[in-house]
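What follows is a single structure, written as structure tokens, with notes after it.
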Amino acid sequence: MAFRARLFALSGTIMLSAALVAGCSGDSNAASEATGGTRAPNPPAVAPSGAASDDAPGTTATANGVTVDMGIGTHCWVRMCVDMIGPITKDTLRVARGDIIEVAVPLGAPALRDVSAIAFRASTPTDLDSGAKAWPLGSDSRDMSTGRDGTKVEVDVDLPPGVWILSVGMFFEQGDISYAVVLEVR
């Protein structure tokens, strides 16, 4: 619940910050993403020079031997904050109650300080130009049990059958990122 509250509390400030940073830095990708547009694929979390990249790193989710890309939602990373219109998904995982979903900690990211996960029933998404989907937060949401080590976050699937959106917030020393994936729970 804390992750969702933080997501909503930051939305107005983040949108204004993203627009200001994009205007000042000349980064048209930031302005495009802040309004739900597309942007170039994410580069590695660490630039070749060893300096941290300004782009939030992507990650994957794995369950039952299947690995899919997660969407990148609202985030603050290095020098920029971007507010998305809801959790963003790229792919779907098919799971059952009792399965474990492993969410990879992005390679090269600073130490993971905290993590939170919620799931909510899927409703009607907004299709983005990138092919990803933005989801409105549903009223039927559940805090999910998580465990973590240095390379992954484990989320226990404790959901009734149906289509759910899993949103995982990762909080690092240099920022925070919300990732999401569609879950088909059987």
Check your understanding: Restricting to the range 154-173, what's the tally of residues that are open to solvent by 10 Å² or more (accessible area, probe 1.4 Å), of a type outside the set (Asp, Glu) and over 18 Å from the mean Cα position of the chain (by Cα)?
Key -> 3
Exercise for review: Hey, could you check the range 116-126 for residues that are of a type in the set (Ser, Thr, Tyr) and either part of a strand (DSSP E or B) or closer than 16 Å to Ala61 by Cα (or both) and say which is most open to solvent (accessible area, probe 1.4 Å)?
Suggested key: Thr126
Revision key, fill the gap. Scanning the range 127-152 residue by residue, those within 13 Å of the chain's Cα centre (by Cα) and assigned to a strand (DSSP E or B) turn out to be Lys133, Ala134
Check your understanding: Only one of (1) in contact (Cβ under 8 Å) with a residue 60 or more places away in the chain; (2) of a type outside the set (S, T, N, Q); (3) open to solvent by 40 Å² or more (accessible area, probe 1.4 Å); (4) within 19 Å of Thr59 (Cα to Cα) fails for Gly131. Which number is that?
Key -> (1)
Practice item. Return yes or no: is Ala109 in a loop (DSSP other than H, G, I, E, B), in contact with a Phe, Trp or Tyr (Cβ under 6 Å, 6 or more places away or on another chain) and either crowded, with 18+ Cβ neighbours inside 10 Å or free of Cβ contacts under 8 Å to residues at least 12 places away in the same chain (or both)? Key: yes
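One line per residue, one yes/no per condition, for (1) touching a Pro at 6+ places or on another chain (Cβ under 9 Å); (2) modelled with pLDDT under 95; (3) among the polar types (S, T, N, Q):
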residue	(1), (2), (3)
Cys76	no, no, no
Lys90	no, no, no
Ala96	yes, no, no
Ile100	no, no, no
Ala104	no, no, no
Ala111	no, yes, no
Ala119	no, no, no
Ala122	no, no, no
Leu128	no, no, no
Practice item. Could you list all residues from the range 66-94 that are outside any strand (DSSP E or B) and under 19 Å from Leu137 (Cβ atoms)? Key: Met70, Asp83, Met84, Ile85, Gly86, Pro87, Lys90
Review point. Has the range 135-153 got any residue that is over 18 Å from Ala63 (Cβ atoms) and surrounded by 22 or more Cβ atoms within 10 Å (Cβ to Cβ)?
Key: yes
Practice item. Consider Arg97 carefully, then state whether it is in a loop (DSSP other than H, G, I, E, B) and open to solvent by 20 Å² or more (accessible area, probe 1.4 Å). Key: yes
Exercise for review: Report, ordered by the first and then the second residue, all pairs with beta carbons closer than 7 Å, sequence separation of six or more or different chains, a first member in the range 162-186 that is farther than 20 Å from Asp99 by Cα and part of a strand (DSSP E or B), and a second member that is among the polar types (S, T, N, Q) and open to solvent by 10 Å² or more (accessible area, probe 1.4 Å).
Suggested key: Ser178/Thr74
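The values are calculated or read from the model by the stated rules, or taken from the named source; none is laboratory data. Worth saying up front: this structure is predicted, and the values here are computed from it rather than measured. FYI the Cβ positions are ideal-geometry reconstructions off the backbone, even for glycines, and counts take in every protein chain you see. The area values use the complete protein model at the heavy-atom level, side chains included, leaving out ligands, DNA and RNA. Shrake-Rupley method; radii C 1.70, N 1.55, O 1.52, S 1.80 Å.
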